[in-house]
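Since the structure comes first, as structure tokens, the remarks are kept for the end.
The values are calculated or read from the model by the stated rules, or taken from the named source; none is laboratory data. Not measured: the values here are computed from a predicted model. Don't worry about glycine lacking a Cβ; one is built from the backbone with ideal geometry, like all the others, and counts go over all protein chains shown.
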Amino acid sequence: MKPTFQLACVLFDLDGTLLNTAPDLTAALNKTLAHFGYATVPAKKITPYISYGAAMMIEQALTQTVSKTETAAMLEWLLDYYESHIAEATHLFAGMPELLNTLETQGIPWGVVTNKRERMTYPLMQALNLNERAASIICGDTTAYSKPHPEPMLAACREIQVNPEQCLYIGDAQHDISAGKAANMKTLAATYGYIKPDERPQHWGADALINHPSDILDWITHAIN
């Protein structure tokens, strides 16, 4: 009897799933806060909000109300600084190199679907020598929509030339799982990623919770056998 799930590709969210980008992002945030005369914050306070973008990181770091004009200036400064220091401490999560190697050895293409902008995503992937390995890289501004809309997921499938029903998507935010499910993919919630204190990944509707990248291969092995 054939397994019900025929795996054709694996897609990853970027920040908090494939890559631990928190060291560089929180450093950029604190450089920004200091530049504008605000107190810096512990990295662990901000890390859970990384998946929701730089604007959310700034909002969580400030203890007082700031004008929209200054907030916009801070965001621009943060992004410029981050772009210039994009891969100083960022790295693949432990266990992820082995997973990618296994997928490639087995001839299973993998790619990235992220809400991070192309301006940041491509230089980051290139700095870590991942651009040539990824079969598809879809960013927050690659298509007309970003997650939780399914279009970025479907765009990756078109590029890799696989059916969405044969794809597995892994992410650490509810909008990741919502997008994957809307595209009829299997989904795994990466609980090792950047989860906000008030979030409950077990309620996102993912096919499973993954506590470590090494668990992903175990799930795949079980799902296709």
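Worth a mention:
- Residue that is surrounded by the most Cβ atoms within 10 Å (Cβ to Cβ) [pool: residues in region 20-42 that are under 16 Å from the mean Cα position of the chain (by Cα) and touching a residue at least 60 places away in the same chain (Cβ under 8 Å)]: T21
- Among the residues of region 186-223, the ones that are among the aliphatic types (A, V, I, L, M) and under 18 Å from Q6 (Cβ atoms) come to 6 in all.
- Residue that is under 22 Å from Y122 (Cβ atoms) and among the charged types (D, E, K, R), where the choices are E83, E98, E70, E59: E83
- Within region 161-176, residues that are closer than 18 Å to D215 by Cβ and modelled with pLDDT of 95 or more sit with their Cβ atoms under 6 Å from residues that are of a type in the set (D, E, K, R) and surrounded by fewer than 24 Cβ atoms within 10 Å (Cβ to Cβ), at 6+ positions apart or across chains, in these pairs: L168/K186.
- Scan of region 178-198 for residues that are hydroxyl-bearing (S, T, Y) and not in a helix (DSSP H, G or I), ordered by number: T187, T191, Y192, Y194
- Within region 1-19, restricting attention to residues that are buried (at least 22 other Cβ atoms within 10 Å of the Cβ) and out of contact with any helix residue (DSSP H, G or I) (no Cβ under 7 Å at 6 or more places or on another chain), the residue that is nearest to N129 (Cα to Cα) is L19.
- Any hit, region 202-224, residues being assigned to a loop (DSSP other than H, G, I, E, B), touching a Pro at 6+ places or on another chain (Cβ under 9 Å) and not aliphatic (A, V, I, L, M): no
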